[in-house]
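The values are calculated or read from the model by the stated rules, or taken from the named source; none is laboratory data. None of these values were measured; they are calculated from a predicted model. With ideal geometry, Cβ positions are generated from the backbone for all residues, glycine too; neighbour counts draw on all protein chains shown. Accessible surface areas use protein heavy atoms only, side chains included; no ligands, DNA or RNA. Shrake-Rupley method; radii C 1.70, N 1.55, O 1.52, S 1.80 Å.
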Amino acid sequence: MTIKLGCIADDFTGATDLANNLVRAGMRTVQTIGVPGEPLRADADAVVVALKTRTQPVEDAVAQSLAALEWLQQQGAEQIYFKYCSTFDSTPDGNIGPVTDALMTRLGTRFSIATPAFPDNKRTVFKGYLFAGDVLLNESGMQHHPLTPMTDPNLVRVLQAQTARKVGLIDYSVVAAGADAILARMQALQDEGVEIAIVDAVSNDDLLRLGPALRGMPLVTAGSGVAIGLPGNWGLAPASAASQARVPGLQAVVAGSCSSATNAQVAAFIESGRPALALDPMRLASEENVVTQVLGWAEPRMQHGPVLVYSTAEPEAVKAAQGALGVAHAGALIEAAIARIAVGLVERGVRQLIVAGGETSGAVVQALGLQQMAIGEQIDPGVPWCAGYSPVARGEVSIALKSGNFGTRDFFTKAFG
């Protein structure tokens, strides 16, 4: 059995985001949690391997990404897709550049593209600058991200700081002219010694024009938006989203993201009158039974509807906790606590669980023992319901892994509708 497209995602929310777009674009898609220990047995056009490498040390991120590549090659993948966030989350050290470098070297290719554009979620690239909605990335709230603050919206500069390969630009005027113009620009850039090209895209039409130009490219690096233009290269047409039914059971939300969008979603949930409880990092650091107390609070309330447990906070509060505990320690405390809470909620009957935040999602999925997930209905662009077997539940669990910046303000309330 061989697959057409082998995908490596640098976090778990991004993996479901990509799988969702591939399914909607007509590809039978399987998502795995980590690199599988055995060959693929499902009949699929694409496989998305979900890793938790976005903020790991560079050498670990590279090693895991290469392991995923090796497994995908063993399954016969015709093209490799390295998926990162539509906000290009990274630092001057990586991990987007180093992972791209390693994949290009292993694949023996001297040219690839990079674009996080996802117009359906208002992430657009113009003249190499990344916009989130109507503002530049560094004015969107991402400049306050606790782990990967994005203070420069110029993607050529951001990526060039992470790689020794020369980075260039394919701007909107070329993209608007179509696939032949894009291919000609790619060749011209290669003649100039460019090995990675940032690509402008301000609409889905741009991504659909880009798709045919990527036919046969060994490695594509992008957010999930580019996925809508690739299935056509194999003669596949868009299809309705998969109809994976939600598992019946109690409902809950756990939120670890501190993004502006998630802050607003937490506020909307509270305003709706539903029960919500905030996690205090300082209490987690000084008390041993906080998780038990949280589960005791949640158990009677979730019998009457969804509950929310959140560590989401405004930038000033996040900085205060990081100042007292250290950035890494504060993040690790929150992740571990939310993962234990998620396990406790599932043990108590929750079968529909929303997780907000990429790092948080990775911790929760691993704690629940999910290995493979089927893609279900889309809640908002980039966020579908998924379902998979969890040893904790001794059965199926429906789970939505929401990138911190995705979703409308009422996401937490409408998702269970």
What is the calculated FRET efficiency for ASN289 to ALA328, with r their C-beta to C-beta distance and R₀ = 22 Å, to the nearest 0.05?
0.40
Projected area of the range 130-243, taken from the Cα convex hull and averaged over every viewing direction, in nm²?
9.2
Please compute the per residue accessible area over the range 209-286 with all protein chains in place, 1.4 Å probe, rounded to a whole number of Å².
39
Hey, what number do you get for the chain at 222 nm if only DSSP H runs of n ≥ 4 count, each worth -39500 (n - 2.57), divided across all residues, to the nearest 500?
-11000 deg cm²/dmol
Fully extended, how many nm does the chain gain between ALA177 and ASP280 (0.36 nm per residue separation, minus their Cα-Cα distance)?
31.8 nm
Tell me the label-point distance for the pair ALA184, ASP410, using the 7 Å Cα-to-Cβ offset, in nm and rounded to one decimal.
4.9
What's the percent breakdown of Cα-Cα distances in the range 1-90 across 5 Å bins, shortest bin first?
3, 16, 28, 27, 17, 7, 3, 0
Using only the alpha carbons, work out the radius of gyration and Dmax of the range 322-384 in angstrom.
13.6, 41
For the chain, give the percent of accessible area contributed by carbon and sulfur heavy atoms, probe 1.4 Å, rounded to a whole number.
51
To one decimal place, what orientation-averaged projected area in nm² is obtained for the convex hull of the Cα set of the chain?
18.4
Just tell me the longest site-free run in the chain, where the sites are GluC sites (Glu not before Pro) in a DSSP loop having at most 10 other beta-carbon atoms within 10 Å.
1-191
To check you understand DSSP bridge types, tell me what percent of the beta bridges within the chain (both residues inside) are antiparallel, rounded to 5.
30
For the peptides 213-223, 293-303, 380-390, what is the packing order when you average, over each peptide's residues, the other Cβ atoms within 10 Å and list the highest mean first?
380-390, 213-223, 293-303
Of all the Cα-Cα pairs you can form in the range 1-157, what percent are over 22 Å apart?
41
